[in-house]
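Below is one structure, written out as structure tokens; the observations come after it.
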Amino acid sequence: MEFRVFVRIALVAVVHAARASYSADQCSWRGSGLSQMQGSVEQVWLQCAEGSVDWLYPVGALRLTLSPRLPWAVPGLGGASGSPISACIKAEPQWGGAQLYLERDGILELLLSDTPGPARVHCFSVMPGEKPALFVQATPHQDISRRIAAFRYELRGDWTVRLSGNSVGADLVSSEGACRPCNDVEMLMAVCTSDFVVKGHIRAVETDSALQAAVIKVTATRVYRQKFALFSRNGRLTHSGEIRTPLRCGVRTGSGSFLFTGRVHFGEAWLGCAPRYKDFLKVYEQAKLKLQIPCTLDTH
């Protein structure tokens, strides 16, 4: 990674120099460096699985401790069975005036420089027992009036993400087998666990070169579930929306109806299993006869 560096810091000095600060909802924090002294470090505790940080006119530094109350987690941030969880941060377009580091065991690893360029999303894994923090350090500028260090974060215990150090783009949300078809069990489970489940067809496929992702334009004839308003109504019987998937998967337009499932990542839909609807229906009906469906779906 171009900006990746390691710096050892004196954590004891940092902690003693800090003054406590809590966000209103413990998920997001918004503050101004105008109330901080040069060289001071403000402590912030973030206790949710997702949220945002907006630091206006950065001066000094912030130390953001990640200690979310995750429904799948065990003490120490591990996953449901002691497995790692995945954390991602995404710089907002106006990011500037600071550098953001991942802090582990007294070592700082640069994630975002003052001018991050196109690589604005970075992920890292958190192993059981680890207590990572994000260290945001203001960079000297004569004029700080236009500087805002703003980013969003997400922590998930159910991503199967490819993480070797830090990743950029579509690999953040893609599993090792992102481009392979789902098997029957995965197909049935996706209906139960996905952030969105819709039936529809592909209207067009475009390219998001910044994320190296294909943007699938979907016309949905039925929305079974959606975590956010991903698919908006564009007629009496249809909805429209976009789903992203790694560009390397080679998605193309095609005829026929599909069952689209997947995850929401920073407000965007990313594709999981997407069988043709007639193939899903065959698998579902067979499993239903054998009383082997993990959850029900109204297919009528």
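The values are calculated or read from the model by the stated rules, or taken from the named source; none is laboratory data. Worth saying up front: this structure is predicted, and the values here are computed from it rather than measured. Cβ: placed from backbone, ideal geometry, glycine included. Neighbour counts: every protein chain shown.
Only residues that are of a type in the set (Phe, Trp, Tyr) and assigned to a helix (DSSP H, G or I): list them for the range 252-300, please.
Residues satisfying the conditions are Tyr277, Phe280, Tyr284.
So, in the range 37-58, how many residues would count as being free of Cβ contacts under 8 Å to residues at least 24 places away in the same chain and either of a type in the set (Val, Ile, Thr) or assigned to a strand (DSSP E or B) (or both)?
2
This table checks each residue for (1) modelled with pLDDT under 95; (2) under 14 Å from Arg263 (Cα atoms); (3) among the small types (Gly, Ala, Ser); (4) part of a helix (DSSP H, G or I).
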residue	(1), (2), (3), (4)
Val185	yes, no, no, yes
Leu188	yes, no, no, yes
Val191	yes, yes, no, yes
Val197	no, yes, no, no
Arg203	yes, no, no, no
Ala210	yes, no, yes, no
Ala214	yes, no, yes, no
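Only one of Ala229, Ala220 is assigned to a loop (DSSP other than H, G, I, E, B) and of a type in the set (A, V, I, L, M); which?
Result: Ala229 is the single residue among Ala229, Ala220 that is assigned to a loop (DSSP other than H, G, I, E, B) and of a type in the set (A, V, I, L, M).
Considering the range 192-242 alone, what residues qualify as being hydrophobic (A, V, I, L, M, F, W, C) and touching a helix residue (DSSP H, G or I) at 6+ places or on another chain (Cβ under 8 Å)?
Across the range 192-242, the qualifying residues are Val197, Ala210, Leu211, Ala213, Ala214.
Just give me the residues in the range 34-50 being of a type in the set (Gly, Ala, Ser) and touching a strand residue (DSSP E or B) at 6+ places or on another chain (Cβ under 6 Å), in sequence order.
Ala49, the sole residue that qualifies.
Regarding Phe260, is this residue closer than 25 Å to Ala91 by Cα and in contact (Cβ under 8 Å) with a residue 40 or more places away in the chain?
no
Specify which of the listed residues (Ala190, Ala210, Ala229, Ala220) is in contact (Cβ under 8 Å) with a residue 40 or more places away in the chain, outside the structural domain of Ile89 (by TED's automatic domain parsing), small (Gly, Ala, Ser) and exposed (fewer than 15 other Cβ atoms within 10 Å of the Cβ).
Being in contact (Cβ under 8 Å) with a residue 40 or more places away in the chain, outside the structural domain of Ile89 (by TED's automatic domain parsing), small (Gly, Ala, Ser) and exposed (fewer than 15 other Cβ atoms within 10 Å of the Cβ) holds for just one of Ala190, Ala210, Ala229, Ala220, which is Ala210.
For the range 196-239, which positions are of a type in the set (Phe, Trp, Tyr) and within 14 Å of Gly272 (Cβ to Cβ)?
Phe196, Tyr224
From the list Ser35, Ser83, Ser23, pick out the single residue that is of a type in the set (Ser, Thr, Tyr), within 17 Å of Arg152 (Cβ to Cβ) and at pLDDT below 80.
Ser23
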